[in-house]
Amino acid sequence: KLDLSYKDNEKFIEICHKYKITPATTIFSFSKINIMFDIGFKFIKVASFDCASHKLIEEICKKNFDHLVISTGATYNREIEKTVSIVKKNTSHFSLLHCISIYPTPLEEANLSRINYLKSLTESVGLSDHSNPEKNGNLLSAAAMTYDIDYIERHFTVLKKDESKDGPVSVNPKQLADLVNLTKLSKKELA
């Protein structure tokens, strides 16, 4: 019941194109691969719990999406490495996201140095930030940017924090605007 309808996805893509934003979605099942491709999504994310779903990743790669982003939370190194070998056989356009699958992620558990490991597997890396923006602001994302990452993923909401399951880790419009402004700073300014 959390899935958007076909028409809602089409509308989402239309709005993204209007504002020159690349539409992206997460594929959670085999049945959604063709649907998301046919609707027009070209930028796909694989959730942390599917990083080791190698058959799913193989099928996603067959569709030749423009870019694939794979979150690596709750995944062993050997699983990530196998995923990377599958993806590299099929596309050169992919990124890995460092992720701690604790909602919200305490800053002392963030282990940002793991970004360096991911960089040993691919040139394009990022952070899936699940820290509490009410408590920590965008501190974790800002710290990750000092590693010269390409992507930051944050959950976003226009609802009150207690009105959705991921509300405590979601940024609101002001917090998202603050994060966008942080991305414009140099590494030296972030430090």
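The values are calculated or read from the model by the stated rules, or taken from the named source; none is laboratory data. These numbers were taken from a predicted model, which means no experiment stands behind them. Cβ atoms come from the backbone with ideal geometry, glycine included; neighbour counts cover every protein chain shown. Calculation scope for accessible area: heavy atoms of the full protein, side chains included, ligands and nucleic acids excluded. Shrake-Rupley method; radii C 1.70, N 1.55, O 1.52, S 1.80 Å.
Let me make sure I get this right: for the chain, a, b and c are the square roots of the gyration tensor eigenvalues over alpha carbons, sorted descending. Under 1.5 in a/c it's rounded, otherwise prolate if a/b > b/c, else oblate. Which is it? Verdict is oblate for the chain.
The figure for M145 is an accessible area of roughly 30 square angstrom, using a 1.4 Å probe on the protein chains alone. Taking amide H positions as modeled 1.01 Å from N, with prolines and chain starts lacking one, the residues under 5 Å from I152 and 5 or more places away or on another chain are L127. Overall, the accessible surface of the chain at a probe of 1.4 angstrom is composed of carbon and sulfur to the extent of 54 percent.
Heavy-atom accessible area per residue, the chain, 1.4 Å probe: how many Å²?
Values: 11020 Å² over 191 residues.
On a per-residue basis, the chain sits at 58 Å².
Considering only DSSP states other than H, G, I, E and B, which chymotrypsin sites (Phe, Trp or Tyr not before Pro) in the range 1-98 qualify as loop sites with at most 12 other Cβ atoms within 10 Å?
Numbers: sites: Y6, F12, Y19, F28, F30, F37, F41, F43, F49, F65, Y76, F94; in loops: Y19, F28, F41, F65, Y76.
Listed in order of number, the matching sites are Y19, Y76.
Taking T26, T72 and ordering them by how much accessible surface each has at a 1.4 Å probe, largest first, produces T26, T72.
Checking the Cα-Cα distances for K62/K188; K63/K174; K62/K119 against a 32 Å cut-off, the pairs over it are K62/K188; K63/K174. Using a Gaussian network model of the chain with C-alpha springs under 10 Å, which one of H130, H98, H155 is most mobile by mean-square fluctuation? Comparing H130, H98, H155 in a Gaussian network model of the chain, the most mobile one is H155.
Of all DSSP beta bridges in the chain, what percent run antiparallel (nearest 5)? Could you put the intermediate results ahead of the total?
Working: 0 of 21 bridges.
Around 0 percent antiparallel, to the nearest 5.
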